[in-house]
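Coordinate-derived values only; no laboratory data. Just so it is clear, the structure is predicted and the values come from calculations on it, not from any experiment. Glycine also receives a Cβ, built like all others from the backbone with ideal geometry; neighbour counts cover every protein chain displayed.
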Amino acid sequence: VWVGAGAQRGENALRRALDEEAIADVIFVRYESSQTWVASVLVQSGRVLVPAGNIVYWQDRGSRLVPSAANPDAAFRASGLRILGPGDSSVCVEAMQATFVGYLNHYASNPWLRPIDAGAAYADWALRSLGGRDYAVVGDMGPSGDVRAIALVHISEQTAEVLLAGVVPGARGRGAYSTFIVAIAEACARLGLSRVVISTQDHNVAVQRLWCRAGFEPVVGVTIVHSMTPDFVDTAVADSGT
Ligand SMILES: CC(C)(COP(=O)(O)OP(=O)(O)OC[C@H]1O[C@@H](n2cnc3c(N)ncnc32)[C@H](O)[C@@H]1OP(=O)(O)O)[C@@H](O)C(=O)NCCC(=O)NCCS
C-alpha cells in the first residue's frame, strides 16, 4: 500500500485497501513519514504491527554533463564503469553477497518472519536483473576483472534509481564509494536523465554522509510498517517454540 504524494490519500482509501487485503498474512505498508495520520488507521485495524524502520531518499543536485551517450553501455563505459551481463552472473552474485552480507533492512525488524540474509536476497535480485530491460547491474572493475563496487540501477525515461550500491569489503575505507556514485551520476547525465535518486535505511548514516559530500540532497522520508494477521503471528510463535 503506497500512501503519500502521487498515491491514494485519505483514511477511507487506506481503510478500504487494508480491508481488501485483509486475507494477506503480511502487508508491508510504506508511507511518506509526513503522513502521520496513517499510524492511527493502522492501529485501529486489529492487525499486529511491527515498526520496520525508515527509508531516506536522496537526489543528485543536477547533471554535471551534457547528454552524449547513445545507450547505457556507452554511458557507463565513458564513466569508467561496466554494465554486467548474463555472462557475469557468478561475479555479480559474489560481489553482491559479500557487499550486503549482514545488512539490516526492514525484514530484519520482524521477529515473525523467517530470517534471511540480505546478501543472499540482494544477490538474487541483482542476478534476476542482469541483462533485464530498464535495469543495469553496474560494476567498478579492478585490473584483474574483480569487482570493487557494484550497483543495481533502474533506468526510466527521466529518472535513474540506484536500488543497491556498495563496495566489497576488501576495497572499503579508501573512498571507492564516492568515486563510484559520482561516476554513476555522470553516466546518467550522459544518458540525458534529469534525476538520479537513491535511498537507504535512516540508520545507514555512513553512506548518507558520502551522498552529502557527493552533491546529493535529502528529498523524502518513508516509514515502513509490517501489518500481520493475529493468526499469522500465533502460528509463527508456535513454530519458533517461543
Ligand atoms: C558504506 C560504504 C558504501 C562505504 O564505502 P567506502 O568506499 O568504504 O567509503 P569510504 O572509504 O569513503 O569510507 C566511509 C566511512 O567508513 C570509514 N571506514 C574506514 N575504513 C573502513 C572499512 N574498512 N570498512 C568500512 N568503513 C570504513 C571511513 O573512515 C569513512 O568514515 P567517515 O565518513 O567518517 O569519513 C560501504 O561500507 C558499503 O558498501 N557498505 C555496505 C553496503 C551499503 O551500506 N550500501 C549503501 C546502502 S544501499
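Kirkwood hydrodynamic radius, computed over distinct alpha-carbon pairs, for the chain: how many Å, to one decimal?
For the chain, the Kirkwood estimate is 19.5 Å.
Quick check on the stretch 143-205: take the gyration tensor over C-alpha atoms, sort the square-rooted eigenvalues as a ≥ b ≥ c, and tell me if it's rounded (a/c under 1.5), prolate or oblate.
oblate
Scanning the chain for helices, which whole DSSP H stretches are 24 Å or more long along the axis (Cα) and average -0.5 or more by Kyte-Doolittle? It would help to have the intermediate numbers written out before the result.
Working: long enough: none.
Membrane-span-like by this criterion, though nothing is claimed about a membrane: none.
At q = 0.15, 0.23 Å⁻¹, what log₁₀ I(q)/I(0) does the stretch 173-228 have when each alpha carbon counts as one equal point scatterer in the Debye sum?
For the stretch 173-228 at q = 0.15, 0.23 Å⁻¹, log10 I(q)/I(0) is -0.53, -0.99.
Using a ≥ b ≥ c from the Cα gyration tensor of the stretch 106-211 (square roots of the eigenvalues), is it rounded, prolate or oblate, where a/c under 1.5 gives rounded and otherwise the larger of a/b and b/c decides, a/b for prolate?
rounded
Determine the relative contact order of the stretch 140-201: mean sequence separation of Cα pairs under 8 Å and six or more apart, normalised by residue count, in whole percent.
The normalised contact order for the stretch 140-201 reaches 33 percent.
Mind giving me the nanometre distance, one decimal, between the label points for Val237 and Ile116, set 7 Å out from Cα along Cα→Cβ?
Going by the 7 Å Cα→Cβ label model, 2.5 nm.
Once you've got the GNM for the chain with C-alpha springs shorter than 10 Å, pick whichever of Phe76, Phe232, Phe180 has the biggest mean-square fluctuation.
Sorting by GNM fluctuation, first place goes to Phe232.
Report the Cα centroid-to-centroid distance between the stretch 21-39 and the stretch 43-73 in angstrom, as an integer.
So the two Cα centres are separated by 18 Å.
List Cys92, Cys212, Cys188 from most exposed to least, where exposure is judged by having the fewest other Cβ atoms within 10 Å. Could you put the intermediate results ahead of the total?
On the way: Cys92 23, Cys212 12, Cys188 29.
The fewest-first ordering by Cβ neighbours comes to Cys212, Cys92, Cys188.
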